[in-house]
Every structure is written in structure tokens, then in C-alpha cells.
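Colleague: Structure in C-alpha cells, see below.
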Amino acid sequence: MREACTALGLEPWDDPHNADPVYARARVRHQAMPALEDALGPGVAAALARSAAQLSADCDALDEIAAAESWRIASADPGLEGALPPAVLAGGDGTGDALVVLDIEGLTELALAIRSRVLRQAALAAGCPAGSLAASHLAALDALVTGWHGQRWADLPGVIRARRRYGKLLFSKGRPAGAGPPAPTEAEAAGGRD
């Protein structure tokens, strides 16, 4: 780049952040990559770039499959017919104040790689900020689907709460921290949650 600038009579500008070890990208560029090249030989950066391109294509394909599965799960439930997946509902059908509703049976049929994407899409559609949704949140959602033992809910970023009820995974506005427990629903007061 410097040679090209010199040939064109341009003066390059060096961003001081590119050499500042406070930034992870600078540490990777000046410490981690040289250490990998020393340990593994030349070509590490090119190999990582090829792997990233392949994984990106795989990720795109899995995201497309997850979107199709969201449609399938939504259209498999007569109460969700015609809804855009994840199905956005407004009460009157046992879902109460749910923003997003997913069918548990449909979710359990999915491979983990697809199910986790469907759960993430649903959480985002319900209002979770993308940058705050962590793997631990997706694990808690998956536990409501595949490892459910009567646990009440999973609190998600953006004051979103996911709970399992009547064979559905319901995403709704939660309660702010310190607000205390919600009043039990009629079904919960009667002893049933699923």
C-alpha cells in the first residue's frame, strides 16, 4: 500500500489505533498472528480467511433453513395460520400478552443448530437487543424446549421473558429487575403451566 501511495504521489496516513495494544485488533495483528505464523508456518491468515468464507456460507444456509422452519412451525398450528414467523399474536387464545409464540413440538423436531437460530430469531422479534443476546440466553430458551422440568421462565435482555405454557414457548414483555414476582396466571394458580 505504501509503495502504491508513493507511486501515485500520495502521502499515506497511519491510524495510531492500529498499533495501540489497548485494541484487540492491534494485539491480534502484532502479537497473535505472528505467534501463529511462528508456530504453524506461513499462510495462517489466508487459511483463516478461507475458513471464514466457508463458515459464512454455511451460516447463511443454516439461517435460511431456520427461517423456513419458523414458517413450518407457525403454519403447523391452526391458531398461527397466516402469521409471519415467528408468529406474532395478540391474546384471546391462551397466549395472553405474548409478542411471539412458537410451538414446542415443532421446536423439538429441529436439530440444535437450526433450533437455536429459530429461538434467536424469536427473541429478536420479541424485542431483545441483538448485541445483548448471549449464548447463555439461548441455552436457557433451549432448556425450556428440550429440558423442561417445570421451570417458570427465562429472562432475556430488553425486559423480555420467555415461558413455556400449553405446548407453546411464549415471549412477552417481562418485569424490570426488582419488580417482584408476577401474579400467577389462572392456569398456574390451578397448578398447570404446560
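Colleague: Checking the structure you have, find out if any residue of segment 126-136 is aliphatic (A, V, I, L, M), more than 16 Å from D97 (Cα to Cα) and touching a Gly at 6+ places or on another chain (Cβ under 9 Å).
Modeller: Yes, the conditions are met somewhere in segment 126-136.
Colleague: For residues that are buried (at least 18 other Cβ atoms within 10 Å of the Cβ) and not small (G, A, S), scanning just segment 125-141, find the one that is nearest to G174 (Cα to Cα).
Modeller: Of everything passing the filter in segment 125-141, C128 is nearest to G174 (Cα to Cα).
Colleague: Take R72 and tell me if it is assigned to a helix (DSSP H, G or I) and over 26 Å from the mean Cα position of the chain (by Cα). Steps first, answer last, please.
Modeller: Working: assigned to a helix (DSSP H, G or I): yes; over 26 Å from the mean Cα position of the chain (by Cα): no.
Against the criterion (assigned to a helix (DSSP H, G or I) and over 26 Å from the mean Cα position of the chain (by Cα)), R72 does not qualify.
Colleague: Can you pull out the helices (runs of 4 or more DSSP H) entirely within segment 100-169 that have at least 3 residues that are touching a Phe, Trp or Tyr at 6+ places or on another chain (Cβ under 8 Å), among the polar types (S, T, N, Q) and free of Cβ contacts under 8 Å to residues at least 60 places away in the same chain?
Modeller: By residue number, no helices (runs of 4 or more DSSP H) qualify.
Colleague: Now for a different question. I need the full set of residues from segment 25-34 which are of a type in the set (A, V, I, L, M) and within 18 Å of A49 (Cβ to Cβ), in order please. If you could, list the steps in order and put the result at the bottom.
Modeller: Within segment 25-34, the first condition is being of a type in the set (A, V, I, L, M), and the residues that meet it are 26, 28, 32-33.
Within segment 25-34, V28, A32, M33 meet the criteria.
Colleague: Is it true that A66 is touching a Lys or Arg at 6+ places or on another chain (Cβ under 7 Å), modelled with pLDDT under 95, surrounded by 12 or more Cβ atoms within 10 Å (Cβ to Cβ) and in a helix (DSSP H, G or I)?
Modeller: For A66, the condition - touching a Lys or Arg at 6+ places or on another chain (Cβ under 7 Å), modelled with pLDDT under 95, surrounded by 12 or more Cβ atoms within 10 Å (Cβ to Cβ) and in a helix (DSSP H, G or I) - is met.
The values are calculated or read from the model by the stated rules, or taken from the named source; none is laboratory data. Keep in mind that what you see is a predicted model, and the values were worked out from it rather than measured. Positions of Cβ are backbone-derived with ideal geometry, glycine not excepted, and every protein chain shown enters the neighbour counts.
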